[in-house]
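Shown next, in structure tokens, is the structure this report addresses.
The values are calculated or read from the model by the stated rules, or taken from the named source; none is laboratory data. Every value quoted in this text rests on a predicted model; they were computed, and no experiment measured them. FYI the Cβ positions are ideal-geometry reconstructions off the backbone, even for glycines, and counts take in every protein chain you see. The accessibility values were calculated without ligands, DNA or RNA, using every heavy atom of the protein model including side chains. Shrake-Rupley method; radii C 1.70, N 1.55, O 1.52, S 1.80 Å.
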Amino acid sequence: MLDPRWFRNDLETAAGQLARRGFSLDTDAIRSLDARRKDAQVRTQELQAERNAKSREIGRAKAAGQDVQSLLDAVAHLGDELKAAETELETIQADWLAIALTTPNIPHASVPDGRDEHDNREERRWGEPRRFDFAPKDHVDLGAALGLMDFEAAVKLTGARFVVMAGPLARLHRALIQFMLDTHTTQHGYTETYVPYLVNADSLRGTGQLPKFEAELFALKGEQAYYLIPTAEVPVTNILRDVIVDADDMPRRFVCHTPCFRSEAGSYGKDTRGMIRQHQFEKVEVVQAVRPQDSYQALEELTGHAEAILQKLNLPYRVMALCSGDMGFSSAKTYDLEVWLPGQQKYREISSCSNFEDFQARRMQARWRNPETGKPELLHTLNGSGLAVGRTLVAILENCQQADGTVTVPDVLKAYMGGVEVIRAG
């Protein structure tokens, strides 16, 4: 959520910045609400003062032995008026909150302007795409030929956009999770964290998924209003909700592996083949909470931590700075890592690393105590995929395939594979 001062003191600037990302801020509605809020606050304060004065007058009249019925009637009438004014003020504040909760973050000055992914800016590349002396297959054909990837069984069990994996392919998937967790904990200084896979609405509001993106979530039916998590970002970041972190404990760094569940509302017909866009997938997420002055340096470091996984796996990739129109709702700046997929002959997103500044922290009231002032202040939150496990598996299958249909296991994963160095037909 944006700082309310943007709307009260610099509304046109806020509208201009939000227009960079294609969002039209209803400035007339905000001005009208603010004027009504001020009038309602003044009216409420006047009624409270008048009721207090009448109450004191009743006390004096009683002490003097006077009839106080007319004063009591006046206080009761004032009470009714005050209740109506307070109700109006609550309604205005609820209307204001509805606007605030559906207004995206303001892009950082360094974010390139643009409308969609075609306007994203390439920052750098790492690695050279492999030159094959045969026509490389995509992961769906590779998995089917190996007999280790079964989409038809998943349709029978659940429906479209799920997968069943078996044998060494399932083990490779598990190996990737262990490798990522080990790298981020032992080399990058993150604390491994286990969290629930179900969250409440407050958690989803805290990180910006609600109310705007409810259609993309899986909500559970039953007595408890729970949702399946769309990413570990939600429960992990909300660990700091309503918490004041000591300066000596900053930065906070978490790494967490979870399954993720997304309905993919609005993506009908997009990436329906294979494992690129599924309703259930695994991800290793890295999350940081830092001092505001450190957050953009932290974004570069966090992005580098995700890049390190790709480099250790020897997977070619590029880093893209997302343009203002392609960023996520809560982000102030985002880098996407896109891995090369020979089967598609294109780069595809495998990680998204974002700085949210204080946008999420304001929603969650996640704060740190500034030792210079002794007062609590909003901290900055960041997260990134380190990495999306299924897409990393896809990248390994396609980049490490051999002419005979086998797949070589990357060197850094061999220790996790129990001696399996080549994945063959099961």
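Of the residues in segment 259-270, none is aliphatic (A, V, I, L, M), farther than 27 Å from PHE179 by Cβ, modelled with pLDDT of 95 or more and surrounded by fewer than 23 Cβ atoms within 10 Å (Cβ to Cβ).
Of the residues LEU33, LEU25, LEU47, LEU71, which single one is under 30 Å from ASN120 (Cβ atoms), open to solvent by less than 60 Å² (accessible area, probe 1.4 Å) and touching a residue at least 12 places away in the same chain (Cβ under 8 Å)? Being under 30 Å from ASN120 (Cβ atoms), open to solvent by less than 60 Å² (accessible area, probe 1.4 Å) and touching a residue at least 12 places away in the same chain (Cβ under 8 Å) holds for just one of LEU33, LEU25, LEU47, LEU71, which is LEU25.
For segment 241-249, the criterion of being part of a strand (DSSP E or B), in contact (Cβ under 8 Å) with a residue 40 or more places away in the chain and either over 30 Å from GLY374 (Cβ atoms) or open to solvent by less than 60 Å² (accessible area, probe 1.4 Å) (or both) is satisfied by at least one residue.
Of the strands (runs of 3 or more DSSP E) entirely within segment 307-425, those holding at least 3 residues that are among the aliphatic types (A, V, I, L, M) and in contact (Cβ under 8 Å) with a residue 60 or more places away in the chain occupy 317-321, 380-388. Note on segment 160-177: among residues that are touching a His at 6+ places or on another chain (Cβ under 9 Å) and touching a residue at least 24 places away in the same chain (Cβ under 8 Å), the one that is surrounded by the fewest Cβ atoms within 10 Å (Cβ to Cβ) is ALA160. The numbered conditions (1) over 24 Å from GLN278 (Cα atoms); (2) open to solvent by 10 Å² or more (accessible area, probe 1.4 Å) are all true for LEU379 except (2). Using the structure shown, decide if LYS54 is modelled with pLDDT of 90 or more and either surrounded by fewer than 16 Cβ atoms within 10 Å (Cβ to Cβ) or part of a helix (DSSP H, G or I) (or both). Criteria not met by LYS54.
Is it the case that segment 274-284 has a residue that's basic (Lys, Arg), at pLDDT 95 or above and not in a helix (DSSP H, G or I)? Yes, because at least one residue in segment 274-284 is basic (Lys, Arg), at pLDDT 95 or above and not in a helix (DSSP H, G or I). Candidates in segment 2-19 are the residues that are outside any helix (DSSP H, G or I) and closer than 20 Å to GLN360 by Cα; of these, the one that is most open to solvent (accessible area, probe 1.4 Å) is ASP3. Within segment 96-122, the residues that satisfy the criterion of being open to solvent by 70 Å² or more (accessible area, probe 1.4 Å) and touching a residue at least 60 places away in the same chain (Cβ under 8 Å) are ASP113, ARG115, GLU117, ARG121, GLU122.
Select from segment 179-206 the residues that are outside any helix (DSSP H, G or I) and within 25 Å of ARG262 (Cα to Cα) and list them in ascending order.
Hits for segment 179-206 are GLU192, THR193, TYR194, VAL195, PRO196, TYR197, LEU198, VAL199, ASN200.
When segment 192-230 is examined, which residues are found to be touching a Cys at 6+ places or on another chain (Cβ under 8 Å) and crowded, with 23+ Cβ neighbours inside 10 Å? ILE229, the sole residue that qualifies. Whether any residue in segment 62-79 is at pLDDT 90 or above and touching a helix residue (DSSP H, G or I) at 6+ places or on another chain (Cβ under 6 Å) is what I want to check. Yes, that holds for at least one residue.
Pairs are defined by a Cβ separation below 8 Å, a sequence spacing of at least 6 or placement on different chains, a first member in segment 290-303 that is within 16 Å of LEU378 (Cβ to Cβ), and a second member that is part of a helix (DSSP H, G or I) and at pLDDT 95 or above; the pairs so defined are VAL290/ALA298; ARG291/ALA247. Only one entry of ALA332, ALA361 meets the criterion of being open to solvent by less than 20 Å² (accessible area, probe 1.4 Å) and over 17 Å from ARG252 (Cβ atoms), and that entry is ALA332. Hey, does segment 84-99 have a residue that's among the β-branched types (Val, Ile, Thr) and within 30 Å of TYR335 (Cα to Cα)? There is at least one residue in segment 84-99 that is among the β-branched types (Val, Ile, Thr) and within 30 Å of TYR335 (Cα to Cα).
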